[in-house]
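The values are calculated or read from the model by the stated rules, or taken from the named source; none is laboratory data. All of these numbers come straight from a predicted model, not from anything done at the bench. Positions of Cβ are backbone-derived with ideal geometry, glycine not excepted, and every protein chain shown enters the neighbour counts. With ligands, DNA and RNA removed, areas are computed over all heavy atoms of the protein, side chains included. Shrake-Rupley method; radii C 1.70, N 1.55, O 1.52, S 1.80 Å.
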Amino acid sequence: MRIGNREFDTEHDIYLMGILNVTPDSFSDGGSYNSLEKAMEHAARMIEEGVDIIDVGGESTRPGYERISDQEEIERVVPVIKALKERFQVPVSVDTYKSKVAKAAIEAGADLINDIWGLKADSMMGEVIAKAKLPCVLMHNRDHSENKTGDLLLDMKADLEETLMLAKKAGISEDAIILDPGVGFGKTYEQNLESIARLRELREMGYPVLLGTSRKSVIGLTIDVPAKERDVATAVTSLYGLWSGCSFVRVHNVKANREAIAMAKAIDAYEKNA
């Protein structure tokens with residue numbers, strides 16, 4: 001899969017998507033990078049630590065978040081995307097479910113669209129992505145945590161099949177789609193754990209999978225620590241993603257996750273060659 005100026009081997013490798021929130025209210029780093037200078041400093045640090053993609057978000061999607069206008073989100077993300085493309089060679093994605101924001105981000109140079117509602121929140125999103133011929137992350141999301149069938153994965157797959165039908169109807173190429181199980185979205189604590197535990201079954205749908213657990217409540221509820229102290233546990237979930245065939249992990253702390261994955265790969269390579 002080509003994203004920006006890079007080819008990604010989604011069948012055989014795993015890559016790090018670094019989170020760059022340019023918001024005042026994100027759950028773990030709100031206000032930390034919502035000036036252009038601070039955002040560029042953080043991006044440079046992530047690149048030095050080995051990030052593969054930088055994901056720019058202009059609206060917090062934490063539980064109970066307050067939706068902002070398209071224009072306000074555009075004003076937050078577009079200058080950052082432009083600056084990233086001017087200063088660095090790293091591929092850039094934009095975390096938005098709004099077609100107008102996606103269109104503005106694409107015009108600013110975004111290489112990938114990361115839609116937490118899997119094309120279901122904005123009827124024009126699929127068309128915008130298809131017209132730009134960009135890859136996209138399509139996440140599983142819902143307004144409730146109840147399962148229709150009694151089996152979370154069956155429900156997730158059915159929901160994602162609806163998303164894939166929207167993508168096909170819009171003209172998005174099948175080889176441009178990445179699926180995300182949506183840990184932390186429309187799920188109970190137990191369902192979030194199950195989403196991680198059954199990643200291999202999601203991978204069986206035939207698309208690359210992105211896992212986003214970084215500092216989320218499922219970790220906080222498990223180990224009872226504040227959001228900024230959840231990076232070690234996040235790295236554990238990234239390793240589970242590696243072993244489950246995920247192609248991407250979306251993280252705050254690039255260094256911790258890069259080192260954990262590198263160590264696991266080294267052990268695995270030794271075992272295979274022993």
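What to note about this one:
- For the chain: relative contact order, % (alpha-carbon pairs under 8 angstrom, 6 or more apart): 18
- Share of carbon and sulfur in the accessible heavy-atom surface of the chain [1.4 Å probe, %]: 51
- The chain - charge dipole about Cα centre, Lys and Arg +1 at Cβ, Asp and Glu -1, debye rounded to 20: 260
- The LEU193 and GLU37 beta-carbon pair, evaluated with R₀ = 51 Å, returns a calculated FRET efficiency of approximately 0.85.
- Anisotropy class of segment 130-274 from Cα gyration tensor, a/c 1.5 cut: oblate
- Of all DSSP bridge pairs formed entirely within the chain, close to 5 percent run antiparallel.
- When each of the peptides 17-24, 118-125 is scored by how many other beta carbons lie within 10 Å of its residues on average, the order from highest to lowest is 17-24, 118-125.
- Approximate spin-label separation ARG200-ALA266, in nm, with each point projected 7 Å along Cα-to-Cβ: 2.6
- Gyration tensor verdict on the chain (Cα atoms; rounded if a/c is under 1.5, prolate if a/b is larger than b/c, oblate otherwise): rounded
- Centre separation in Å (Cα based) which lies between segment 117-131 and segment 209-274: 30
- The residues MET40, MET1, sorted by heavy-atom accessible surface at 1.4 Å with ligands and nucleic acids left out, run MET1, MET40 from largest to smallest.
- In the elastic network of the chain, a GNM with C-alpha springs shorter than 10 Å, the most mobile of ARG45, ARG203, ARG215 is ARG45.
- Whole-number accessible area per residue in Å² for the chain, which is evaluated in the context of all protein chains at 1.4 Å: 46
- Here the contact order of segment 153-274, divided by its residue count and restricted to Cα pairs under 8 Å and six or more residues apart, works out to 23 percent.
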